[in-house]
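Here is the structure we will look at, set down as structure tokens.
The values are calculated or read from the model by the stated rules, or taken from the named source; none is laboratory data. Small disclaimer: the values here were computed from a predicted structure and weren't measured. Neighbour counts are summed over all protein chains in view; Cβ atoms, including those assigned to glycine, are modelled from backbone coordinates with ideal geometry. When the accessible area is computed, the model is the full protein with side chains, heavy atoms only, and any ligands, DNA or RNA have been set aside. Shrake-Rupley method; radii C 1.70, N 1.55, O 1.52, S 1.80 Å.
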Amino acid sequence: MTSAPPQPTHRPSVGLLFNPSTPEVMEQVSDLVEHLSVNPGQMFNDLGAHSPFGARFAFPASLLQAVAGLREGLMLNGHSFSLSLPSATPLDDDLADAISHVGDRLGGFAWLAEHLNVLIPPRGPEAHSEGGMALPVNYDAETLALLSHKLQRLRQRSGLRLLLENPALLTPLTEMEMDEPTFLNTLHRNGHCGVLLDLHNLLVSERNGGLSMEHYLARLNPEAVEEVHLAGGEELFGTYTDSHSQLTPEAVWSMARSFLPCCPNLRAITFEYNETYFQFIGCQGVRGELERMHHLAQSCALSPAPTGVPC
Amino acid sequence: MLNDFQQALAEITASPRLCVAVRRNPDLLAERYQLSERERRQVLATANHPSMECTCSLYRANRLAPLVRNLPRTIAALTERLEPVLNDYWEAHPWPHRYGYLESERFCRWLEPLTADPAAPAGLRESWQGDRRDLRERVGLFLADSAIPLPTWET
């Protein structure tokens, strides 16, 4: 494996979202990878409050040791898809603590991002069941108050900077009190979180009837953006999805080139792909994406200290 | 209201049958959920969104994935019975376990009466027994790696 490049301080770092193919990929592209993102929920198993095995959480030592070794010399951030923060339920404190524990076992997260989706229905019949779904959030005052409270509690428990990721909407909601960038701007302005801007998710939402990418980015506060995701998707049953099955489409690159240089607090640009499509993308595909990301990162100047309200 | 709004969105996603029923009879929403007039229109618009077919399919694919991964011979042995069996299972257990092994173990328990049925597809009982044995072995290895004692399995 080639050695990791030094951590940049004057521009966003370039990296990958960890998946089971990452160790193989790193053998060939580690000279281009400056950070890794890890989904903490993939680093342990939630056996439920009424676990037949006694403990609710199981932390597989071999996996954690392997990932801890892989991230040596690299910045690591948490990219969670578990907490379902917008659900009309209290914060799952034990789950939040398990995520923090994973960060500790891996040598520390630089920040923790969560998805702006309802992942768990409020009245699932089994404790700690999850819906296997990513539902849209109603952007109104009630949800804003709920999320603000839960983000504050999560930050207190985890001690981490928090980001929320804009969702990939297959069925965007109608008649909302505020649009998504306004909702995210408000959370940021009130000091609750920054934004993980997934530019491919914007394309998915646009193609399925949501805000246009141009309109969205014209409304989003660039100071709120601290991480960006790039990815590709495909159509399924006539609907464009965020399948992470392709390289980043040109429409997304175009938006990235025009918007990211305006984001003074952008610290990381991350490429996501699903490991089940790795045989089609290949190491050369990933390398090509990383090279383009480095070129993009060179055009983005990072502020010495975060501007705007700290999260 | 927010609670019911989210629950309604979740249930029309988890159940294509309910989604179609809501399209045909929007009054169902008032019978099942406490929604504001705006929320009712939002849920109805979602039920009628052209991407709901894809959304429902993705949800079912996500539920099927751990069963295929952990119980491959059983799923294959069900042949043409697979779809009605899964529909019945998902009606009985609308929400999955987060942990794929537990979801698969629960499906095994639920499926057991069918495997003992003389009218069951050929080879189902043997496939089910083999998959369940392998599943429990993998759970044992995983628990050992996580420093959790091996359970005494219910038969």
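Taking the conditions exactly as written (under 18 Å from the mean Cα position of the chain (by Cα) and within 14 Å of chain B (Cβ to nearest Cβ)), does A:V204 satisfy them or not?
Yes; evaluated as a whole, the condition is true for this residue.
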Scan region A:111-119 and give yes if some residue there is open to solvent by less than 40 Å² (accessible area, probe 1.4 Å), among the β-branched types (V, I, T) and part of a strand (DSSP E or B), otherwise no.
yes
Within region B:63-80, identify whether any single residue is at the interface with chain A (Cβ under 10 Å from one of its Cβ atoms), touching a strand residue (DSSP E or B) at 6+ places or on another chain (Cβ under 7 Å) and not aromatic (F, W, Y), and answer yes or no.
no
Going through (1) touching a residue at least 12 places away in the same chain (Cβ under 8 Å); (2) open to solvent by less than 70 Å² (accessible area, probe 1.4 Å) one by one, B:P84 fails only at (1)
If you check A:S100 against the conditions, is it on the phi < 0 side of the Ramachandran plot, touching a residue at least 40 places away in the same chain (Cβ under 8 Å) and within 18 Å of the chain's Cα centre (by Cα)?
yes
Residue ID - modelled with the highest pLDDT, chosen from residues in region A:103-132 that are facing chain B (nearest Cβ under 7 Å) and closer than 20 Å to B:Y33 by Cα
A:V118
Any pair with Cβ under 7 angstrom, 6 or more apart, that starts in region B:131-144 at a residue that is over 21 Å from B:T115 (Cα atoms) and ends at one that is open to solvent by 70 Å² or more (accessible area, probe 1.4 Å):
B:G140/B:L150; B:L143/B:L150
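What residue, of A:G48, A:G54, is within 14 Å of chain B (Cβ to nearest Cβ), in a loop (DSSP other than H, G, I, E, B), in contact with a strand residue (DSSP E or B) (Cβ under 9 Å, 6 or more places away or on another chain) and surrounded by fewer than 19 Cβ atoms within 10 Å (Cβ to Cβ)? Before you say what the answer is, go through the steps one by one.
Working: A:G54 fails: in contact with a strand residue (DSSP E or B) (Cβ under 9 Å, 6 or more places away or on another chain).
Result of the check over A:G48, A:G54: A:G48.
For (1) of a type in the set (F, W, Y); (2) open to solvent by 10 Å² or more (accessible area, probe 1.4 Å); (3) part of a helix (DSSP H, G or I), each residue gets a yes or a no:
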position: A:V137; (1), (2), (3): no, no, no
position: A:L146; (1), (2), (3): no, yes, yes
position: A:Q152; (1), (2), (3): no, yes, yes
position: A:Q156; (1), (2), (3): no, yes, yes
position: A:L163; (1), (2), (3): no, no, no
position: A:P167; (1), (2), (3): no, no, no
position: A:T174; (1), (2), (3): no, yes, no
Across region B:7-19, which residue is farthest from B:R38 (Cα to Cα) among those that are at the interface with chain A (Cβ under 10 Å from one of its Cβ atoms) and open to solvent by 10 Å² or more (accessible area, probe 1.4 Å)?
B:A14
Looking only at region B:1-41, how many residues end up being more than 16 Å from A:P122 (Cβ to Cβ) and either free of Cβ contacts under 8 Å to residues at least 24 places away in the same chain or assigned to a helix (DSSP H, G or I) (or both)?
20
Considering each of B:E53, B:E105, B:E112 in turn, give the residue that is out of contact with any Pro (no Cβ under 7 Å at 6 or more places or on another chain) and open to solvent by 70 Å² or more (accessible area, probe 1.4 Å).
B:E53
